[in-house]
1. Considering (1) in a helix (DSSP H, G or I); (2) at pLDDT 80 or above, say which one Gln222 fails and leave the rest.
2. Here are some residues: Leu152, Leu130. Which one is modelled with pLDDT of 80 or more, assigned to a helix (DSSP H, G or I) and surrounded by fewer than 22 Cβ atoms within 10 Å (Cβ to Cβ)?
3. Determine, yes or no, whether Trp69 is without any contact (Cβ under 8 Å) to a residue 24 or more places away in the chain and farther than 26 Å from Leu259 by Cβ.
4. Among Ala197, Ala145, Ala172, which is the only one that is modelled with pLDDT of 85 or more, out of contact with any Pro (no Cβ under 9 Å at 6 or more places or on another chain) and buried (at least 17 other Cβ atoms within 10 Å of the Cβ)?
5. Is it true that some residue in the stretch 247-270 is surrounded by fewer than 17 Cβ atoms within 10 Å (Cβ to Cβ) and basic (Lys, Arg)?
6. Can you say whether Thr27 is touching a Ser or Thr at 6+ places or on another chain (Cβ under 7 Å) and part of a helix (DSSP H, G or I), as far as the supplied structure shows?
7. Ala93: modelled with pLDDT under 95, in a helix (DSSP H, G or I) and touching a His at 6+ places or on another chain (Cβ under 7 Å), yes or no?
8. Would you tally the residues in the stretch 45-80 being farther than 11 Å from Ile199 by Cβ and in a helix (DSSP H, G or I)?
Amino acid sequence: MNAAPKRLDPTTLLLLTLAPLLWAGNTIVGRLAAGWIPPMTFNLLRWTIALLVLLPLGGWVLRRSSPLWREWRYYALLGLLAIAGYNSLQYLALHSSSALNVTLVAASMPVWMLLVGRIGFGAPVSGRSLAGAALSLVGVGVVLAQGEFARLLQLRFVPGDGWMLLAAFSWACYSWLLTRRQGAAEIRQDWAAFLLAQIAFGLVWSVLLTAGEWLLPAQAPQIAWSGKLAAVLLFVAIGPALIAYRCWGAGVGRAGPTLASFFSNLTPLFAALMSAALLGEPPRLYHGLAFALIVGGIVVSARR
């Protein structure tokens with residue numbers, strides 16, 4: 001295991017910043033698509049498209065002679081936690097909760113990362129990490145409150161927020177498992193094969209969840225097919241899935257999961273800026289304050 005933080009060079013900064021930027025877009029379009037398609041079905045179709053795109057690049061990993069099948073338990077766990085677990089729970093949360101609440105609950109990620117690392121992987125928790133987590137959480141609070149503390153007092157938590165809390169825990173476990181140098185070297189050294197192995201097993205879990213979604217309810221779910229839905233599916237499959245997961249995996253490998261988790265709190269800031277841009281509103285002062293606090297948390301945590 002190599003979870004110790006390393007120096008944040010420009011490449012690592014780019015990798016860990018691009019992922020939350022794409023995930024911010026995923027939050028916005030995921031909320032938009034909530035009325036068009038059931039959450040488990042949406043996640044299944046998203047990752048099916050991603051698998052088809054990756055097949056020409058890393059399809060060799062699925063061959064019968066691949067070392068993947070000797071280590072299938074590891075990749076099945078990664079697929080359950082990230083491909084099926086985190087994403088399905090996030091889309092499920094967006095069906096019954098607001099994007100604001102989902103983002104606020106997701107801001108607990110650094111805390112989960114510290115707890116999972118300490119309890120599950122024996123990683124020490126430093127005072128700098130705790131201070132960085134506090135700064136980062138305050139920054140998220142500022143952007144969600146839009147500079148007015150009274151807005152946070154008006155928040156009402158619903159069952160969907162519980163799903164998002166479970167999603168954050170699932171993602172923390174996934175990120176720490178990425179630091180385990182488990183599996184054949186030829187798979188880990190081929191980013192497309194490594195991600196494809198996770199997606200392949202994640203789709204098995206996603207099929208089971210989708211089957212339950214369609215068979216268990218008294219009234220069958222509906223899909224409103226349209227060009228907009230097709231465009232959304234293509235976007236979430238290429239951007240927030242393939243590109244963001246590639247960047248996150250590489251970033252975690254370079255910086256460690258604890259430090260990387262602080263970058264995830266850039267997601268609500270990016271989401272707020274995207275929403276403002278779509279509405280034709282310029283950035284506000286509280287956006288700058290939130291950015292300073294979140295980056296301050298990163299800097300404090302990254303210091304030796």
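The values are calculated or read from the model by the stated rules, or taken from the named source; none is laboratory data. Only a predicted model underlies this, so the values are computations on that prediction, with no experimental measurement involved. Heads up, the Cβs are rebuilt from the backbone with ideal geometry, glycines too, and the neighbour counts pull from every protein chain shown.
1. Of the numbered conditions (1) in a helix (DSSP H, G or I); (2) at pLDDT 80 or above, the odd one out for Gln222 is (1).
2. Only one candidate qualifies: Leu130.
3. Yes, satisfied.
4. The conditions single out Ala197.
5. The answer is no, given that none of the residues of the stretch 247-270 is surrounded by fewer than 17 Cβ atoms within 10 Å (Cβ to Cβ) and basic (Lys, Arg).
6. yes
7. no
8. 15
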